[in-house]
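Got a structure here, written out as structure tokens. Questions coming.
The values are calculated or read from the model by the stated rules, or taken from the named source; none is laboratory data. Because the structure is a prediction, the values reported are computed rather than measured. Here Cβ is always computed from backbone atoms with ideal geometry, including for glycine, and neighbour counts include all displayed protein chains.
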Amino acid sequence: MIFIAILVGCILGAIVGINVPIIPYTYSSYLAIAIIAALDSVFGGITGVLKREFDIKVFISGFFCNSILSILLTYLGNKLDVDIYLAAIVVFVGRMFINLTIIRKYYIDKWSEKLKNLRLKDK
Amino acid sequence: MEKKGKVIMIITIGIMCFLLVMIIFMQFKVVQESEETNIDTLQATELRQELANWKTKYEETKEKYDKTVETLKSYREESSAESKTKQTLEDELQSLERALGKTNVEGEGVIITLSEKKQSELIEDEEIVAINAEDLIYIVNYLKDSGAEAISINGERIINSTYIVDVEDTIKINSRYLRTEKYEIKAIGNSTYLESSIFGKGGYSETLNSSGIKAEIQKSNKVQISKYNGDYEVNYMEEAK
């Protein structure tokens, strides 16, 4: 059920995104940082699911708050003439890698355990 | 209750996916569009660089421009001074040429016509004497005396080196030989004075009349006298030191 929701959401998003008028280039940096923040939240959510500590409220609030906050920070950085968005990207992408490592490790562990079980069964 | 919560969660995740993918695609589009290099898509640093370049160029050009303007100004000043000198010289040249009779002139004056009388016109003891150089010299002298500024005889301009002499049957003026029955003398000046100098009581016209020469005068406000066409030859004299 949840996969259908994800799939439908993605397809609809792609269609709408392609057909929406182009936003000015000035604002695209804000959009980019929002995307990074959202992706970070998504990977964080997946990790949370795997660790069995996933909370939908935390996930949703993280998804939106991180995006909006990163946009605000980028804006502030522009006003101060400091590239704050670089710091935000470092943090978000760093966390994404950590989360990806956790996810990878989880599945490797799971897979190797399965293999072990199979071998044990064979014996 | 639990099911309702699950549905909400699914819908929420669906919406989030929708938003995320939508924004990602929007960004794709923007990036794709902005790959074409134009001023809208340049990064701020690039723009700054570009601006600095243009500023430098502008300053250089302005400096050049200022210099050129300065040079132009000096040229203009020089040329205006030059043209002043030129103007003075030209004025002087013109007045000299006028004095030398090198220009066509016109103005108030008289036209005197001399012609020999026919036999039938003669009275008493008059007899025909051909018009000779002396007659013309007298007339020219009288005209000059009464303020003639320019004189010509049959189109031959009288200048300061002009001579009028008899050469056999002809009259030589400015190295040109004239032999006609009619002489037309044009003079520019005060027409009344000019007239009275020749045709006044006891004037030269009476002398001419008695020698069978008919003198007629015509006053005009627009007597035209053409320029002297010959050369000014100087072979022996030179400026004294």
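Which condition does B:Ile128 not pass, out of (1) in a loop (DSSP other than H, G, I, E, B); (2) surrounded by 17 or more Cβ atoms within 10 Å (Cβ to Cβ), if it passes all the others?
Only one criterion in (1) in a loop (DSSP other than H, G, I, E, B); (2) surrounded by 17 or more Cβ atoms within 10 Å (Cβ to Cβ) is unmet by B:Ile128, namely (2).
Quick one: which of B:Ile151, B:Ile171 is farther than 18 Å from B:Ile213 by Cβ and either polar (S, T, N, Q) or modelled with pLDDT of 85 or more (or both)?
B:Ile151
I'd like to verify a number: residues in the range A:38-52 that are more than 10 Å from every other protein chain (Cβ to nearest Cβ) and either surrounded by 20 or more Cβ atoms within 10 Å (Cβ to Cβ) or touching a residue at least 12 places away in the same chain (Cβ under 8 Å) (or both), how many? Let's see the steps before the verdict.
Filtering the range A:38-52 down to residues more than 10 Å from every other protein chain (Cβ to nearest Cβ) leaves A:40, A:43-44, A:46-52.
Going one step further and asking which of them are either surrounded by 20 or more Cβ atoms within 10 Å (Cβ to Cβ) or touching a residue at least 12 places away in the same chain (Cβ under 8 Å) (or both), we end up with A:40, A:43-44, A:46-47, A:50-51.
Looking only at that region, the number is 7.
What's the number of the condition A:Met96 fails, among (1) at pLDDT 90 or above; (2) under 18 Å from B:Met9 (Cβ atoms)?
With (1) at pLDDT 90 or above; (2) under 18 Å from B:Met9 (Cβ atoms) applied to A:Met96, the lone miss is (2).
Please specify each residue of the range A:75-85 satisfying the condition of being assigned to a helix (DSSP H, G or I) and either more than 13 Å from chain B (Cβ to nearest Cβ) or charged (D, E, K, R) (or both).
Filtering the range A:75-85 for residues assigned to a helix (DSSP H, G or I) gives A:75-80, A:84-85.
A:Tyr75, A:Leu76, A:Lys79, A:Leu80, A:Ile84 - these are the residues of the range A:75-85 that are assigned to a helix (DSSP H, G or I) and either more than 13 Å from chain B (Cβ to nearest Cβ) or charged (D, E, K, R) (or both).
If you go through the range A:12-55, how many residues are part of a helix (DSSP H, G or I) and out of contact with any helix residue (DSSP H, G or I) (no Cβ under 8 Å at 6 or more places or on another chain)?
Filtering the range A:12-55 for residues part of a helix (DSSP H, G or I) gives A:12-19, A:25-50.
Remaining after also requiring out of contact with any helix residue (DSSP H, G or I) (no Cβ under 8 Å at 6 or more places or on another chain): A:15, A:19, A:26-27, A:49.
Here the count works out to 5.
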